[in-house]
Amino acid sequence: MKLLRVDMETKQVQYEAVPEAYRCLGGRGLVAKILTDEVPPACDPLGKDNKLIVTVGLLAGTTATTAGRISIGGKSPLTKGIKEANSGGLTSTYMTRHGVKTIIVEGMPEDDHLYIVRIDSKGEAHLDEVDDLIGADTYTAVNKLYERFGRDCAISIIGPAGEKLYPVSAIMNTDFATGEPCRASARGGLGAVMGSKRIKAFLIENAEVRSKPDYADEELFKTTAREFAKALLKHPGTANRSKYGSMAVLRPMAENGMLPVKNFRAEVCEGLDQVDANALFDKLEKNGGKHGLVCHPGCVIRSSNTYCNDKGEYITSGLQYETVALCGTNCLIHDLDQIAVISRKCDELGVDTMEIGHALALFMDAGRLEWGDAEGSIRLIDGIGTGEEEGVQLASGIRALSEYLGCDRVAEVNGQTFPSFDPKNNKGFGVVFAVSPQGADHTTATAANEDGSYVASALFQQALTVMIDSSFCMFTIMPFCADMGYFSKLLVKMMKGLYGGQWSWQKIIDIGAEIIGWEKEFNLKAGWSEQVKDLPRRFRDETSPMTGNHFDVPYEQLQEIYDRMGQKVVARD
């Protein structure tokens, strides 16, 4: 496979051979390696020395199910550290059809033009001016690009928020099922990094001649990949996703006190029946929506959906747990139609629904918006695009917003807000929120309490999760954790079948631990402290009304985990 390097200062776009050191890396791991090799950690995230990296996973382009994810990375303007944001969509699949493993964008243009990076159907790379798309929302811009280049392409695009360099900006990827820009590489503000390079979109046309994987043992790989797909369809953690998607977990989270309610107060969700998986499924059935859709080719989990209003009009795709929880129950908004509109507006503007959900709740906590005010929330979001003061503040990041509102009821670590798991009632998530080099993120693992300590579990789970995130959809983490002995053997066989050589479960975990070490070292050089950041004090001081729990993991354990990250971890099975 090859690497495409885009120099925005010289406007040169050229292919290079993939270095041998990158061959057995992909996704989050390859993002970490390239940033470590090429980016000064102390650089300005929105300056010329930062780089935007778009890369496929370890098994991309093969017959392995869920392996068609895309990873986008760079130094985050939100956390000021390393960042990788993972998404479904078509970009990874179309890149691999051209034999492209990675795209690296570097430098900054001296002009004010807006550009797209385009790979045409013959595999030739271009840098095209698209000034007519300046300020366009993602849906409008994608439709104009379809008109210009045809619909048989993959697009990763920013909206007005990314162009304006807002630190909660996302990169939106076109969906396999609908072709709409609804699959978000959301976390860490990487849309702003893309905007700083004056890149509106990556557009990959379908290849006339498709590149094929260079299997070391094709039969071993394909036989194992078929077994892996069948196992996912049987496992309870992934078998029911085609009906409910990630929304299947909302009610269990609510019943266990882990669902964010009223800005992470861990209260009883009074509107649960209106927003749970059954409510979503009923809406889809009633209004002409669909479920069981595929966000990227070859996925057997089929967890996506299309959501329509009561007039049967399409609103959004992929309405999932994180958005419903953080823009819904966390703000006491219990109307799926309104949550879907919020989701659509965030996708159009190109902002992270997780960050926006927290920001809306902070406006409510500060008394600037009534709890449950969906219409007021939508007006605030609209202000992001129009440049109104409160809209700009909404998109400024939770720390800056907290100062603006004079309200410190935040749920963040290192500048990035929590995903939708309340650490008062799931302390293992809180542990990893505190120590992860990626900041508090929904793809950074959890940890278990083993005889009063979270240390060993947190170290192993992080290494495991890095490798899952570099290979598959994160839904597969549930089968891996539940039946690790079986699923680990399948992954070892697939790695051997694709790459050849000697592979073991311990080798895979060793690579994951090494990646964590690269990320941690980058952050330390970028200015992160050697003292681990604790969760906000309120999670230790306040108890959950449902359970009486609070986050009470000793700080010393967090520091021990942090100190040991990057060291060898013994593989578990």
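With each label modelled as a point 7 angstrom along the Cα→C-beta vector, the Ala21-Asn240 pair spans 4.7 nm. So which lysines pass the test for Lys489, namely a Cα distance under 25 Å, with those fewer than 8 places away in the same chain ruled out? Straight-distance partners of Lys489: Lys212, Lys222, Lys230, Lys234, Lys507, Lys568. Counting only residues at least eight positions apart within a chain, or on another chain, the aspartates and glutamates with an alpha carbon under 19 Å from that of Lys2 are Glu16, Glu20, Asp37, Glu38, Glu106, Asp120, Glu124, Glu205, Glu208, Asp214. Estimated purely from DSSP H runs of n ≥ 4, each contributing -39500 (n - 2.57), the mean residue ellipticity at 222 nm for the chain is -11500 deg cm²/dmol once divided by its residues.
Shown for the stretch 20-171: lysine pairs separated by 8 or more places, or found on different chains, whose C-alpha atoms are under 28 Å apart, numbering 29. Pairwise inverse Cα distances across the stretch 67-183, averaged and inverted, put the Kirkwood hydrodynamic radius at 15.1 Å. Modelled label positions at Asp451 and Glu38, each set 7 Å beyond Cα in the direction of Cβ, lie 4.6 nm from each other. Computed from label points 7 Å out along Cα-Cβ, the spacing between Val392 and Glu9 is 3.0 nm. To the nearest 10, the accessible area of Glu313 is 90 Å² with a 1.4 Å probe.
The mean of 1/r over all distinct Cα pairs in the stretch 146-211, once inverted, gives the Kirkwood hydrodynamic radius of 12.3 Å. The lysines within cross-link reach of Lys262, meaning a Cα-to-Cα straight distance under 21 Å and a gap of 8 or more places when in the same chain, are Lys424, Lys427. If you take all other residues with their beta carbon under 12 Å from the beta carbon of Leu293, and give Lys and Arg +1 and Asp and Glu -1, the sum is +3.
The residues packed around Ile158, meaning those with a beta-carbon under 13 Å from its beta-carbon, carry a net charge of -1 if Lys and Arg are +1 and Asp and Glu are -1.
Over the alpha-carbon set of the chain, divide Rg by the Kirkwood Rh and report the Rg/Rh ratio to two decimals.
My calculation of the ratio gives 0.93.
Annotation: Met258 carries an accessible surface of approximately 20 Å², with a 1.4 Å probe and no ligand, DNA or RNA atoms counted. Restriction of the trypsin sites (Lys or Arg not before Pro) in the stretch 268-367 to DSSP coil positions whose beta-carbon has at most 14 other beta-carbons within 10 angstrom yields Lys311. For the stretch 362-471, GluC sites (Glu not before Pro) are listed when DSSP marks them as loop and at most 14 other Cβ atoms sit within 10 Å of their Cβ; the list is Glu370, Glu388.
For the stretch 519-567, run through the trypsin sites (Lys or Arg not before Pro) and keep only the ones in DSSP coil with at most 13 other Cβ atoms within 10 Å of their Cβ.
Hits after loop and neighbour filter: Arg537.
Measuring only protein heavy atoms, the 1.4 Å probe finds Leu332 accessible over about 50 Å². Just the Cα atoms of the stretch 259-324, one point each, no solvent: what log10 I(q)/I(0) does Debye give at q = 0.25 Å⁻¹? Calculated log10 I(q)/I(0) at the listed q: -1.07.
Mind giving me the FRET efficiency for Lys230 and Thr547? R0 is 35 Å, r the Cβ-Cβ distance, nearest 0.05 is fine.
Numbers: r = 38 Å, r/R0 = 1.09.
Here the calculated transfer efficiency is 0.35.
Once the convex hull of all Cα atoms in the stretch 1-144 is built, its volume per residue stands at 126 Å³.
The values are calculated or read from the model by the stated rules, or taken from the named source; none is laboratory data. In this text, all values refer to a predicted model and were calculated from it rather than measured experimentally. Cβ atoms come from the backbone with ideal geometry, glycine included; neighbour counts cover every protein chain shown. Accessible surface is based on the protein model in full, side chains and every heavy atom, while ligands, DNA and RNA are left aside. Shrake-Rupley method; radii C 1.70, N 1.55, O 1.52, S 1.80 Å.
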